[in-house]
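Inspection log for the structure reproduced underneath, given as structure tokens.
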């Protein structure tokens with residue numbers, strides 16, 4: 001399996017934290033030297049290990065914000 005490289009360019013915040021120190025974070029990440037994307041995933045405390053996540057372009061993030069604004073009132 002090919003090595004995956006990443007660079008966390010900016011951390012925006014922690015969405016949640018699990019026992020053992022793993023945190024679901026919103027970061028700006030460059031994967032394999034590509035253009036950075038917004039990234040939501042679980043990270044080990046040392047950022048050496050990560051869980052499955054989702055990456056979003058700026059356009060996808062804007063669309064997600066629109067969809068969430070419409071969906072959140074349904075959760076109340």
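The values are calculated or read from the model by the stated rules, or taken from the named source; none is laboratory data. Since this is a predicted model, take the numbers as computed values, not measurements. Cβ placement follows ideal geometry from the backbone for every residue including glycine, while neighbour counts extend to all protein chains displayed.
Things to note:
- Restricting the range 1-19 to residues that are out of contact with any strand residue (DSSP E or B) (no Cβ under 7 Å at 6 or more places or on another chain) and surrounded by 10 or more Cβ atoms within 10 Å (Cβ to Cβ) leaves a set whose member that is farthest from residue 48 (Cα to Cα) is 18.
- Test: residue 63 is surrounded by 10 or more Cβ atoms within 10 Å (Cβ to Cβ) and assigned to a helix (DSSP H, G or I): yes
- Residue selection: residue 33 satisfies the criterion of being part of a loop (DSSP other than H, G, I, E, B) and over 10 Å from the mean Cα position of the chain (by Cα).
- Where a residue in the range 1-26 is touching a residue at least 12 places away in the same chain (Cβ under 8 Å) and its partner, wherever it lies, is exposed (fewer than 13 other Cβ atoms within 10 Å of the Cβ) and in a strand (DSSP E or B), with Cβ under 6 Å and at least six apart: 23/14; 24/15; 24/16; 25/14; 26/12; 26/13
- Residue within the range 20-27 that is loosely packed, with under 14 Cβ neighbours inside 10 Å and over 13 Å from the mean Cα position of the chain (by Cα) present: yes
- Selection status of residue 41, part of a loop (DSSP other than H, G, I, E, B) and at pLDDT 95 or above: no
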